[in-house]
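Participant: Following this message is one structure expressed as structure tokens.
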């Protein structure tokens with residue numbers, strides 16, 4: 001995998017890099033030779049991630065970013081370019097959830113989920129594409145969607161709607177930008193243990209749900225590495241507009 005998914009010479013930015021998939025994507029990109037810009041609101045967490053990457057021999061930079069604030073995104077890209085050059089790989093990973101029934105979600109919480117999960121993905125992708133095109137280079141954008149963007153579950157209406165929008169946005173951007181050498185794909189993870197899901201996994205209901213899934217277990221972070229690198233690296237050069245489930249068959253089983 002190290003040679004097939006070689007990222008040497010790439011400049012990658014990972015949003016939502018302070019926890020979960022963002023931390024994992026940052027580490028595997030750096031381990032395969034990319035210069036990695038880790039972006040999130042919680043900069044204190046990013047600094048420890050940068051130190052870990054550097055201790056392992058990689059190159060990394062921490063930048064503050066709120067994906068709902070376009071000025072914050074522009075500033076983060078400016079810092080990234082000043083340090084490493086044009087960003088050509090995006091792990092568009094920042095996201096939030098609000099596990100409430102549709103009758104209990106208020107407008108403020110709905111807006112937070114949609115603004116972070118959809119608007120944030122769009123602004124980051126657009127800013128990245130503008131800069132790649134201006135620099136005359138192509139690249140790869142990998143949006144983190146979800147199997148809940150492909151089907152639904154109880155008490156996940158706002159999250160499911162946002163991730164379905166990410167899937168369609170991914171396809172629309174892929175169609176528009178493919179002739180410019182920019183590939184846009186989406187990962188659709190099933191249930192992995194992250195900061196966002198740990199509360200679910202600790203509950204009796206969550207444990208029963210996972211036990212009753214087709215694979216009978218949650219995914220491990222290492223099982224996301226190859227799917228992510230396939231979409232992010234040149235190994236997936238003919239993949240564009242894909243929404244790839246990585247879920248142990250959960251999206252074809254009972255939810």
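Participant: Let me spell it out: the conditions are (1) farther than 23 Å from residue 18 by Cβ; (2) buried (at least 18 other Cβ atoms within 10 Å of the Cβ); (3) in contact with a helix residue (DSSP H, G or I) (Cβ under 9 Å, 6 or more places away or on another chain); (4) in contact (Cβ under 8 Å) with a residue 40 or more places away in the chain, and residue 191 meets all of them except one. Which number is the exception?
Facilitator: (1)
Participant: I've got another one for you. Give 130, 104, 119 a once-over and let me know the one that is exposed (fewer than 15 other Cβ atoms within 10 Å of the Cβ) and either under 30 Å from residue 85 (Cβ atoms) or modelled with pLDDT under 95 (or both). It would help to see each step written out before you state the result.
Facilitator: Values: 104 fails: either under 30 Å from residue 85 (Cβ atoms) or modelled with pLDDT under 95 (or both); 119 fails: exposed (fewer than 15 other Cβ atoms within 10 Å of the Cβ).
Step by step, each of 130, 104, 119 is checked, and only 130 is exposed (fewer than 15 other Cβ atoms within 10 Å of the Cβ) and either under 30 Å from residue 85 (Cβ atoms) or modelled with pLDDT under 95 (or both).
Participant: Name the residue, out of 212, 206, that is buried (at least 16 other Cβ atoms within 10 Å of the Cβ), closer than 24 Å to residue 250 by Cα and either under 18 Å from the mean Cα position of the chain (by Cα) or free of Cβ contacts under 8 Å to residues at least 60 places away in the same chain (or both).
Facilitator: Working: 212 fails: buried (at least 16 other Cβ atoms within 10 Å of the Cβ).
Selected residue: 206, the only one of 212, 206 that is buried (at least 16 other Cβ atoms within 10 Å of the Cβ), closer than 24 Å to residue 250 by Cα and either under 18 Å from the mean Cα position of the chain (by Cα) or free of Cβ contacts under 8 Å to residues at least 60 places away in the same chain (or both).
Participant: How many of the residues in the range 66-77 are part of a helix (DSSP H, G or I) and either in contact with a helix residue (DSSP H, G or I) (Cβ under 6 Å, 6 or more places away or on another chain) or closer than 19 Å to residue 34 by Cβ (or both)? Can you show your working first?
Facilitator: Here is the first cut: in the range 66-77, the ones part of a helix (DSSP H, G or I) are 70-77.
Subsequent filtering for residues that are either in contact with a helix residue (DSSP H, G or I) (Cβ under 6 Å, 6 or more places away or on another chain) or closer than 19 Å to residue 34 by Cβ (or both) retains 70, 73, 76-77.
The total comes to 4.
Participant: Out of all the residues in the range 78-125, which are in a helix (DSSP H, G or I), touching a helix residue (DSSP H, G or I) at 6+ places or on another chain (Cβ under 7 Å) and within 27 Å of residue 224 (Cα to Cα)?
Facilitator: 113, 114, 117, 118, 121, 122, 123, 124, 125
Participant: Quick check, is residue 230 at pLDDT 80 or above and over 16 Å from residue 22 (Cβ atoms)? Steps first, please.
Facilitator: Working: at pLDDT 80 or above: yes; over 16 Å from residue 22 (Cβ atoms): yes.
Considered against the rule, which asks whether it is at pLDDT 80 or above and over 16 Å from residue 22 (Cβ atoms), residue 230 comes out as yes.
Participant: Do we have residue 145 as surrounded by 21 or more Cβ atoms within 10 Å (Cβ to Cβ), at pLDDT 95 or above, in contact with a strand residue (DSSP E or B) (Cβ under 7 Å, 6 or more places away or on another chain) and farther than 26 Å from residue 105 by Cα here?
Facilitator: Numbers: surrounded by 21 or more Cβ atoms within 10 Å (Cβ to Cβ): yes; at pLDDT 95 or above: yes; in contact with a strand residue (DSSP E or B) (Cβ under 7 Å, 6 or more places away or on another chain): yes; farther than 26 Å from residue 105 by Cα: no.
Here the answer is no, as residue 145 does not meet what is asked.
Participant: Do we have any residue at all in the range 227-240 that's assigned to a loop (DSSP other than H, G, I, E, B) and without any contact (Cβ under 8 Å) to a residue 12 or more places away in the chain?
Facilitator: Yes, that holds for at least one residue.
Participant: On the given criteria, is residue 60 assigned to a strand (DSSP E or B) and in contact with a strand residue (DSSP E or B) (Cβ under 7 Å, 6 or more places away or on another chain)?
Facilitator: Working: assigned to a strand (DSSP E or B): yes; in contact with a strand residue (DSSP E or B) (Cβ under 7 Å, 6 or more places away or on another chain): yes.
Against the criterion (assigned to a strand (DSSP E or B) and in contact with a strand residue (DSSP E or B) (Cβ under 7 Å, 6 or more places away or on another chain)), residue 60 qualifies.
Participant: Would you mind stating whether residue 223 is surrounded by fewer than 17 Cβ atoms within 10 Å (Cβ to Cβ) and under 21 Å from residue 96 (Cα atoms)?
Facilitator: So residue 223 fails the test.
Participant: Just to be sure I understand the filter: pairs with C-beta atoms under 7 Å, separated by 6 or more residues or on different chains, first member in the range 150-166 and on the phi > 0 side of the Ramachandran plot and assigned to a loop (DSSP other than H, G, I, E, B), second member surrounded by fewer than 18 Cβ atoms within 10 Å (Cβ to Cβ) and modelled with pLDDT of 90 or more. Which pairs pass?
Facilitator: Qualifying pairs under 7 Å: 155/100; 155/101.
Participant: Name the single residue that is surrounded by the fewest Cβ atoms within 10 Å (Cβ to Cβ) among those in the range 73-101 being more than 12 Å from the chain's Cα centre (by Cα) and more than 27 Å from residue 181 (Cβ to Cβ). Please lay out each step first, then the result.
Facilitator: Within the range 73-101, the subset more than 12 Å from the chain's Cα centre (by Cα) is 73-88, 97-101.
Now restrict to residues that are more than 27 Å from residue 181 (Cβ to Cβ): 97-101.
On the way: 97: 19, 98: 18, 99: 17, 100: 16, 101: 10.
Per the criteria, the residue is 101.
The values are calculated or read from the model by the stated rules, or taken from the named source; none is laboratory data. Predicted model, so just to flag it, every value in this text is computed and none were measured. Reconstructed Cβ throughout: ideal geometry from the backbone, glycine too, with neighbour counts over all protein chains shown.
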